[in-house]
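Asker: Quick one: this structure, given as structure tokens, is what I'll be asking you about.
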Amino acid sequence: MAETNLTWYKDAIFYEVYIRAFKDGNGDGHGDLIGLTEELDYFKNLGVDCLWLSPMYPSPLRDDGYDISDYYNIHPDYGTLDDFKRLIAEAKKRGIRIITDLVMNHTSDMHPWFQSARQSKDSPYRDWYVWSDTDEKYSETRIIFLDTEPSNWTYDEVAGQYFWHRFYRTQPDLNWDNPAVIEEFKNIARFWLSLGLDGFRADAVPYLIEREGTSNENLPETHVILKNFRAFMEEEFPGAILLGEANMWPWDLRPYFADGDEFQMCFHFPVMPRLFMAVKKGDAADVINIMERTPDIPDNCQWCTFLRNHDELTLEMVTEEERQWMWQQYAPEDRMRLNLGIRRRLAPLLDNDRRKIELLNVVLFSLPGSPIIYYGDEIGMGDNIWLFDRNGVRTPMQWKDAPNGGFSTADETYAPVIDDEVYGYQEVNVENALLNDCSLWHWTRYLIAMRKAHPVLSRGTYTFVPTGNPAVLAILRESEDEVILALANFSDEPQVARLHLPQYAENEKKELFSHMPHGCARDEMHRTLMEPYEYQWLLMVPNGKDQ
Ligand code: GLC
């Protein structure tokens, strides 16, 4: 059926599923598509509109699937193409959309293209990758996987040359200057979108093109390619989205939206660490500051905002001093650090303090953008810092108090389920969360429902209103139909905020979490006393209406 709501992503609630970790449907110890399909009602109940699936393609899994060896199939651990088609069909029945990762920058070194390329300079695939006789080219390019890779060049004995890679050496970069690569990726996209997919999370896009004397990031040539790719998608699959993963400053991110003809969405990377900074400092200034330095984006575009994902909490978009401070505060043990980030989950980062978890979620849902939830964070799952790389935040979803947390019936699973006193599956699991009306899960469901009941939160303009108190953030969301004032106290002490909002002085205010009338005093200074970590969504009731 033709897509009619072409900007659906502006209102959508996204949810990131790590397939391997979510639900094992065939008892082999790995999460898979059958298991995921069985649990689709879970998302429906929570109110999720769109799933983002981690890479499901065949892969030697040297980077957990971000090293693809066949773009046209499903990893045997996850099932078959038929399983994938069934997943899409069942999701559609429930009105749930699905996007998947599309890794454009690189392939696995096990991909037949690379295997052929390295054999001979005459291979038709030689020019699909980036080669050099020396490892001295592009010396101004930073290394991303700092903890493991000493260089972006690795010598390949068989090829007799160095190949370029921005990530692991098992992930050679593709040569996007080669038109054959561009055409191949259109075919790949066609293949998946024809199955009914709703778009892609385009992985690691800033690095597609290399040019001597540059940082090799966000180059104009890269934008030309992405625009061209979008035009093809628009033409053949209108309504399908490109969600860009570009871990960049706001002003470098802005060009990815171009004139509304490149990406529909980009993750807002820089605001994320600042939310964690704010709650630790009890001061919202950093959040305001980065949003004020965030350029406006075209009307048909939307930010994607998040608190955590499957990677380390990246500290690339902060200053060196802020990074050190964040590590001290949030990653006191060495094992908690990885590259330029922190490999921990939301609940442990926030001391499992329900007030802080709610606060940051409410702020995320109040800022411009469509929020994305990382699997398991809605039940307050913990992490396992003893696992390798980022695997500590990719442990099995905790479904119930049963062996393997109800994730799998296998004797052994791909990674152990969390089994400690605070975050163990015995207590922290979906079954308990659903039974307990006061659980974080039910609260999250309510938050999602309210966000959807008030489209001003997804489509309205936003303004930061001075509160006279650095601990209290006030975001005014306005549209022609609705106005909501979001208030958040980042401090662990009670705080008074004073807001000057003469235009709404006459309106009754209704607090949406408590359903209580609020601050009805008809003066121009709206004085509010906020409890530690308290938040409010104040709906300006239209004058003369009793809602
Ligand atoms: C992205 C993914 C990350 C992966 C990297 C290389 O940053 O989020 O998990 O390792 O790309 O593909």
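The values are calculated or read from the model by the stated rules, or taken from the named source; none is laboratory data. Being a predicted model, the structure only gives us computed values, none of them experimental. We place every Cβ from the backbone using ideal geometry, glycine too, and count neighbours over all the protein chains shown. We work out accessible area using only protein heavy atoms, side chains counted, and drop any ligands, DNA or RNA first. Shrake-Rupley method; radii C 1.70, N 1.55, O 1.52, S 1.80 Å.
Asker: Provide the FRET efficiency to the nearest 0.05 for the residue 158-residue 82 pair, computing r from the beta carbons and using R0 = 45 Å. Could the numbers behind the result be given before it?
Answerer: On the way: r = 36 Å, r/R0 = 0.81.
With a Förster radius of 45 Å, E is 0.80.
Asker: Oh, and also: Efficiency by 1/(1 + (r/R0)^6): what FRET value for residue 142 and residue 292, r their Cβ-Cβ distance, R0 = 22 Å, to the nearest 0.05?
Answerer: The calculated FRET efficiency here is 0.25.
Asker: What figure, in Å² to the nearest 10, do you get for the accessible area of residue 438 with a 1.4 Å probe and non-protein molecules left out?
Answerer: Roughly 100 Å² of residue 438 is accessible to a 1.4 Å probe.
Asker: If you project the alpha carbons of segment 295-433 onto the principal axes, what extent comes out on each, in Å, largest first?
Answerer: Largest to smallest, the principal-axis extents are 51, 35, 27 Å.
Asker: Right, another one. Expressed as a fraction of 2.2 N^0.38 Å, the rule-of-thumb size for a compact globular protein of N residues, what is the C-alpha radius of gyration of segment 360-411?
Answerer: In units of the globular-protein estimate, segment 360-411 measures up at 1.45.
Asker: Let's test the formula: R0 of 60 Å, r as the Cβ-Cβ distance of residue 531 and residue 121. What FRET efficiency results, to the nearest 0.05?
Answerer: With R0 = 60 Å, the Cβ-Cβ based efficiency is 0.30.
Asker: Let me ask something else about it. What are the equivalent ellipsoid semi-axes of segment 239-368, built from the alpha-carbon gyration tensor (square roots of five times its eigenvalues), in whole angstrom, biggest first?
Answerer: Over the Cα atoms of segment 239-368, the semi-axes work out to 26, 15, 14 Å.
Asker: Cα extents of segment 1-155 along the three principal axes, largest first, in whole Å?
Answerer: Reported extents, whole Å, longest axis first: 55, 36, 35.
Asker: Moving on to the next point. Taking the Cα-to-Cβ direction at residue 333 and at residue 94 and moving 7 Å from each Cα, how far apart do the two end points lie in nm?
Answerer: Placing both labels 7 Å beyond Cα along the Cβ direction yields 3.5 nm.
Asker: Still on this model: Using 0.36 nm times the number of residues separating residue 498 and residue 431, minus their current alpha carbon distance, what extension gain do you get?
Answerer: Working: separation 67, 0.36 × 67 = 24.12 nm, distance 4.24 nm.
The span from residue 498 to residue 431 would gain 19.9 nm if fully extended.
Asker: Rounded to two decimal places and with Rh computed the Kirkwood way over Cα pairs, what is Rg over Rh for segment 70-183? Working shown, then result.
Answerer: Numbers: Rg = 17.5 Å, Rh = 16.2 Å.
Rounded to two decimals, Rg/Rh equals 1.08.
Asker: Cut-off under 15 Å on the C-alpha distance; same-chain residues fewer than 8 positions from residue 280 excluded. Which aspartates and glutamates are left, in chain and number order?
Answerer: 322, 351, 353, 358, 492, 493, 534
Asker: Given Cβ point charges of +1 (Lys, Arg) and -1 (Asp, Glu) and nothing else, what value in debye, to the nearest 20, does the dipole of segment 154-212 about its Cα centre take?
Answerer: 220 debye
Asker: Continuing with the same structure: Looking at the chain, do any whole DSSP H helices span at least 20 angstrom along their long axis by alpha carbon and average 0.0 or above on Kyte-Doolittle, and which?
Answerer: Passing helices, by number: 179-194.
Asker: Report, in whole Å, the centroid distance computed from the Cα atoms of segment 67-81 and segment 370-436.
Answerer: So the two Cα centres are separated by 25 Å.
Asker: Follow-up. Are there any chymotrypsin sites (Phe, Trp or Tyr not before Pro) in segment 1-104 that are in a DSSP loop and have at most 15 other Cβ atoms within 10 Å? List them by number.
Answerer: 72
Asker: Remind me, relative contact order of segment 198-256 in percent, using alpha carbon pairs under 8 angstrom and six or more residues apart?
Answerer: Reported as a whole number, the value is 47 percent.
Asker: Return a whole-number percent for the relative contact order of segment 7-67, with Cα pairs under 8 Å and 6 or more residues apart as the contact set.
Answerer: Relative contact order here is 33 percent.
Asker: Counting alpha carbon pairs within less than 8 Å and at least 6 residues apart, what relative contact order, in whole percent, applies to the chain?
Answerer: So the answer I get is 12 percent.
Asker: OK, next. Which shape class, rounded, prolate or oblate, goes with segment 176-325 when its Cα gyration tensor gives a ≥ b ≥ c as root eigenvalues, a/c under 1.5 marks rounded, and past that a/b bigger than b/c marks prolate?
Answerer: Values: a/c = 2.17, a/b = 1.72, b/c = 1.26.
Because a/c hits 1.5 or more and a/b exceeds b/c, segment 176-325 counts as prolate.
Asker: Summing +1 for each Lys or Arg and -1 for each Asp or Glu, what net charge is found among the other residues whose Cβ lies under 12 Å from the Cβ of residue 223?
Answerer: Net charge around residue 223: -3.
Asker: With charges set only on the Cβ (+1 for Lys and Arg, -1 for Asp and Glu), what does the dipole of the chain come to about its Cα centre, in debye to the nearest 20?
Answerer: I would put it at about 1140 debye.
Asker: In segment 238-266, whose amide N lies under 20 Å from the spot 7 Å out along Cα-to-Cβ of residue 464? List them in ranges.
Answerer: It comes to 248-254, nothing else.
Asker: Which one, 287, 256, 297, is farthest towards the positive end of the dipole of segment 244-299 when Lys and Arg carry +1 and Asp and Glu -1 on their Cβ?
Answerer: Of 287, 256, 297, it is 287.
Asker: A further question follows. If I model a spin label as a point 7 Å beyond the Cα along the Cα-Cβ vector, how far apart are those points for residue 236 and residue 515 in nm?
Answerer: Here the modelled spin labels are 5.0 nm apart.
Asker: In Å, what is the Rg of the alpha-carbon atoms in segment 439-540, and how long is Dmax?
Answerer: So, for segment 439-540, Rg and Dmax equal 13.3, 38 Å respectively.
Asker: Compute the orientation-averaged projected area for the chain from the convex hull of its Cα atoms and round it to one decimal in nm².
Answerer: Hull-based average projected area comes out at 24.9 nm².
Asker: Another question, then. So which of 121/227; 356/400; 281/452; 44/186; 452/510; 23/85 end up more than 28 Å apart, counting from Cα to Cα?
Answerer: Checking Cα-Cα distances, 121/227; 281/452; 44/186 exceed 28 Å.
Asker: Okay, next question. According to a simple spin-label model (label point 7 Å from Cα along Cα-to-Cβ), what is the distance in nm between residue 221 and residue 352?
Answerer: Simple spin-label model gives 5.2 nm for this pair.
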